[in-house]
Amino acid sequence: MDEEQNGPNMLRLVLGAGILAAAAVGLAVFVPRSRWQAMAAPLRGLTAAPLATAVTAWAVSLWRDVTAPSPPVFDDLRPFDEF
């Protein structure tokens, strides 16, 4: 990748992370705790549902498969150096 192209991407990443952090801090400071509890009440009932348990188990197994160690992959289309 070209070095000139990497700069703005990092700037966008840092800017996006800063905006998300500012939004999270703003929500934590300005939304009262009672409102958070009222919004979370319907979600507490979902955690006991078998479908939520199945989806969570599936996501955990998918994460385990994706992050499992694997042998290195070599590019077979590279030129041969034997000649």
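The values are calculated or read from the model by the stated rules, or taken from the named source; none is laboratory data. A quick note: this is a predicted structure, and the numbers were derived from the prediction, not measured. Please note: Cβ atoms are built from the backbone with ideal geometry, for glycine as well, and neighbour counts cover all protein chains shown.
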Right, SER70: outside any loop (DSSP other than H, G, I, E, B), of a type in the set (Ser, Thr, Tyr) and at pLDDT 80 or above or not? no
Within region 15-34, residues loosely packed, with under 10 Cβ neighbours inside 10 Å and assigned to a helix (DSSP H, G or I) come out as VAL29, PHE30, ARG33, SER34
